[in-house]
Structures are given as C-alpha cells and as structure tokens.
Amino acid sequence: MPRPGTDLPSDDQLPSLPPTGWAVLGLLSFGEELSGYDLKRWADWSLRFFYWAPSFSQIYSELRRLESLGLASSRIETRDDVRGKRMYRISDAGRAALGAWAADDHVDPVVLKHGVMMRLWLGHLSDPERLREVLTEHRDQSERMRVRAEADREGARAEPGWAFPELVLRWSERYYADERDRADLMLAELDEAARTWSTSAAAAERRTPEELRQHRA
C-alpha cells in the first residue's frame, strides 16, 4: 500500500538497499544520464563532505544492483559507430522508491567516528609534541576541506536545480570551519592537559596499590 496521502510506496515495499545504493540512486535523481565515471566525480564533488565518496567498484556494484531491481536503466552510448561508455538513468520506480526513502520520518542519531580524537583520548600513551603534530595536520586538513566545500558551493549556485546540494555544501563549509576552530582550541589547551596528566602520573607513582584502589572506588 502507498503511504497515506501520497503515491509513495510504504516502508515495507521499499527495496533492500545499503546506504551506498541509495546514495548512487540519489545521484541519478538529478535528471541527468550519467556514466560510472560521472557518478564518481559527482560523489567526490558533494557526497564526500557529509557522508562518504564511494569507490568506483562500489558504484558499479550498486549500479548493477539498481538495474536488476528495475530502479535504474542503462544504455551503451555509441559515437561514430564505436562502442562507448554505459550511461545510467533513474527509472520511475527508482524515483518513487527514493522519494519514499527520503521521506522516512525516522532520524538516526549521528554516529561520529573521529580517529584524531581517539588518538588524543589515548594521549597518555603518546608524546605531546606528536599529538601537536597530529592536531596541526587535522587543523590544516579541515581548512583544505572548507576551502573545497566553498568552491563547490559556488559552483552549485550557478545551477538552480542544485539548490538543495548547495544548502548542504554551505553546511559543509561551516562544519569544516568549526572543525578547524576546535582544533585550534585544542592546540591551545594541549600543553595544560599534558601538564595535568604529568602531575597526576607522578602522584600516582608515589601511591601504594591500596591507595590507588581506594581513589578509583
């Protein structure tokens, strides 16, 4: 049965696709016929700022899945009687399924897996100078991502059909600016954290095992 008040399929009618499948179908939904190479380029241009950019092998695997489910179709583009690249287009069924998936009212909490913060969390096993190098590289990388998001956002502004991707790219630009600023703040706080830990570690060495157990209890 469709969703009440819409022509969209219900949740139990949606195809079972991994997130990469929905992402590839989403890239096809902007109305253009695209090759696997085009899809990879578009993913690098937008998806990578807030989700991830799938590899070529992932893209082609999902394209085969989408076509087998009737969610997309393809044709071989021939030029001057020379077999060319395969071009993909979303089908009506694919657009309906994608619309239903996007309209899902269930919002999962954002799961953050931050490798740099994991390394800082384990700072008691590292050298403060090495931690500073890691944070500095993270800070510089965040700024590079911000600059790239800004450039891609400007590019999206020229195409009215990309109004919503532009909105997300604007969010991406702010996100990486915040990440850069948080790294700067942590760099300023790093020495104090190292001093605090060093004092605590020195005091712990002077305590007996029984005193340490009582303190942690």
Among the residues of region 53-85 satisfying the criterion of being in contact with a helix residue (DSSP H, G or I) (Cβ under 7 Å, 6 or more places away or on another chain) and in a strand (DSSP E or B), which is nearest to residue 22 (Cα to Cα)?
72
Selected residue [out of contact with any Ser or Thr (no Cβ under 7 Å at 6 or more places or on another chain) and within 15 Å of residue 24 (Cα to Cα)] from 142, 126, 61
61
Of 195, 180, 174, the only residue that is open to solvent by less than 60 Å² (accessible area, probe 1.4 Å), assigned to a helix (DSSP H, G or I) and either modelled with pLDDT of 85 or more or not assigned by TED's automatic domain parsing to the domain that holds residue 132 (or both) is 180
Somewhere in region 94-113, is a residue open to solvent by less than 90 Å² (accessible area, probe 1.4 Å), within 30 Å of residue 175 (Cα to Cα) and not hydrophobic (A, V, I, L, M, F, W, C)?
yes
Selection count, region 62-78, where residues are under 26 Å from the mean Cα position of the chain (by Cα), open to solvent by less than 90 Å² (accessible area, probe 1.4 Å) and free of Cβ contacts under 8 Å to residues at least 24 places away in the same chain
1
Restricting attention to region 125-151, the residues that are farther than 25 Å from residue 51 by Cβ and open to solvent by 90 Å² or more (accessible area, probe 1.4 Å) number exactly 4
Here are some conditions: (1) out of contact with any Lys or Arg (no Cβ under 8 Å at 6 or more places or on another chain); (2) in a helix (DSSP H, G or I); (3) closer than 26 Å to residue 13 by Cβ. Residue 40 meets all but one. Which one does it not meet?
(3)
Condition test on residue 46, is it open to solvent by less than 90 Å² (accessible area, probe 1.4 Å), among the hydroxyl-bearing types (Ser, Thr, Tyr) and in contact (Cβ under 8 Å) with a residue 60 or more places away in the chain?
yes
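The values are calculated or read from the model by the stated rules, or taken from the named source; none is laboratory data. Quantities reported herein were computed from a predicted structural model and do not represent experimental measurements. Here Cβ is always computed from backbone atoms with ideal geometry, including for glycine, and neighbour counts include all displayed protein chains. Protein only, heavy atoms only, side chains kept; ligands, DNA and RNA dropped before computing areas. Shrake-Rupley method; radii C 1.70, N 1.55, O 1.52, S 1.80 Å.
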